[in-house]
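Visitor: After the structure tokens below, expect a handful of questions from me.
The values are calculated or read from the model by the stated rules, or taken from the named source; none is laboratory data. Given the structure is predicted, the values throughout are model-derived calculations rather than measurements. Quick reminder, even Gly has a Cβ in these numbers, built from the backbone with ideal geometry, and neighbours come from all protein chains shown. Heads up: the accessible areas ignore ligands, DNA and RNA and are worked out on the full protein's heavy atoms, side chains in. Shrake-Rupley method; radii C 1.70, N 1.55, O 1.52, S 1.80 Å.
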Amino acid sequence: GYFEVKNTMVIKEAATVTVEYTGYFRGIKTFTAREGKSTFFRIKLMPKTIAGTIQAGSGGTVTLTNGLSISFPSNAVKNAATGLSYAGTVSVAAQWIDPTSSELNKIMPGDLRGINTAGYINGLATYGMAAVELTGSTGELLQIADGKKAGISFPLPASISSTAPATIPLWYFDETKGLWKEEGVATKTGDKYVGEVSHFSFWNCDVPFPTVNFKAQLV
């Protein structure tokens, strides 16, 4: 559907619009707001497709047909709400976001701006993203346990492989700020980027670059 919002207060440099629907990952767009000026964008939600299951006690690996892979060590899952260790079946919902897709801007969260480890905002050139959510046997939200990490392997499209650096910063999407945040590094291994993460949400392989705020009027 088409939705219009007027006369609302937002964070100027990182205003966000979030769309939620049962059975889908959140759709989140970030934009720089200008008083009295409209902003238009499209959001396309991704279904929370269960890619596979593992047993939390023994760990395991879930792999999608497109090559996205998530690996868990043993005893590495907790209840997200209580923080208590979880030992049952873990359902892994996952989607890979193709960085070469013509629909990238509709699907990805944010607007390809991120906060680096020094606290500065950079523009981001993506080499692939993933959305991952863990749930337990009764539908409770799960997370990676404190002190543990899960492995994640992003497929790298052949059309951009030649420009892909040997190592690349990893970024997760901070939904409270509406921006990506740098955390960790992935290594190019054949046609994949491989890294480790300590929690799950949206993750992104990006090369950062400086940005300049620019406004123009076309006549």
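Visitor: So how many residues does the stretch 64-86 have that are assigned to a loop (DSSP other than H, G, I, E, B), more than 15 Å from residue 50 (Cα to Cα), in contact (Cβ under 8 Å) with a residue 24 or more places away in the chain and not small (Gly, Ala, Ser)?
Guide: So the count comes out to 3.
Visitor: To continue, here is another question. I'd like the residue in the stretch 200-214 that is crowded, with 16+ Cβ neighbours inside 10 Å and not polar (S, T, N, Q) and, out of all such residues, is nearest to residue 15 (Cα to Cα).
Guide: Result: 202.
Visitor: I would also like to ask the following. If you scan the stretch 155-169, which residues turn out to be over 17 Å from residue 194 (Cβ atoms) and in a loop (DSSP other than H, G, I, E, B)?
Guide: Hits for the stretch 155-169 are 162, 163.
Visitor: Let me ask you something else. Out of everything in the stretch 7-63 that is aromatic (Phe, Trp, Tyr) and part of a strand (DSSP E or B), what residue ends up being nearest to residue 98 (Cα to Cα)?
Guide: Once the filter is applied, the top-ranked residue is 24.
Visitor: Of all residues in the stretch 186-217, which are of a type in the set (D, E, K, R) and under 15 Å from residue 115 (Cα atoms)?
Guide: Hit for the stretch 186-217 is 206, nothing else.
Visitor: What single numbered condition from (1) in contact (Cβ under 8 Å) with a residue 12 or more places away in the chain; (2) more than 30 Å from residue 83 (Cα to Cα) fails to hold for residue 163?
Guide: Of the numbered conditions (1) in contact (Cβ under 8 Å) with a residue 12 or more places away in the chain; (2) more than 30 Å from residue 83 (Cα to Cα), the odd one out for residue 163 is (1).
Visitor: Report the residue count in the stretch 122-139 for those that are farther than 14 Å from residue 95 by Cβ and either assigned to a strand (DSSP E or B) or in contact with a strand residue (DSSP E or B) (Cβ under 6 Å, 6 or more places away or on another chain) (or both).
Guide: Final tally of qualifying residues: 9.
Visitor: Anything in the stretch 171-198 that is over 19 Å from residue 63 (Cβ atoms) and in a strand (DSSP E or B)? List them, or say none.
Guide: Within the stretch 171-198, 171, 172, 173, 174, 179, 180, 181, 182, 183, 184, 185 meet the criteria.
Visitor: Would you pick out the residues in the stretch 40-60 that are farther than 28 Å from residue 88 by Cβ and open to solvent by 70 Å² or more (accessible area, probe 1.4 Å)?
Guide: Scanning the stretch 40-60 gives 40, 42, 44.
Visitor: To continue, here is another question. If I go through the stretch 154-189 residue by residue, how many of them are touching a Leu at 6+ places or on another chain (Cβ under 7 Å) and among the polar types (S, T, N, Q)?
Guide: 0
Visitor: Scan the stretch 2-19 and tell me whether some residue there is over 24 Å from residue 123 (Cβ atoms), open to solvent by 40 Å² or more (accessible area, probe 1.4 Å), modelled with pLDDT of 95 or more and not β-branched (Val, Ile, Thr).
Guide: no
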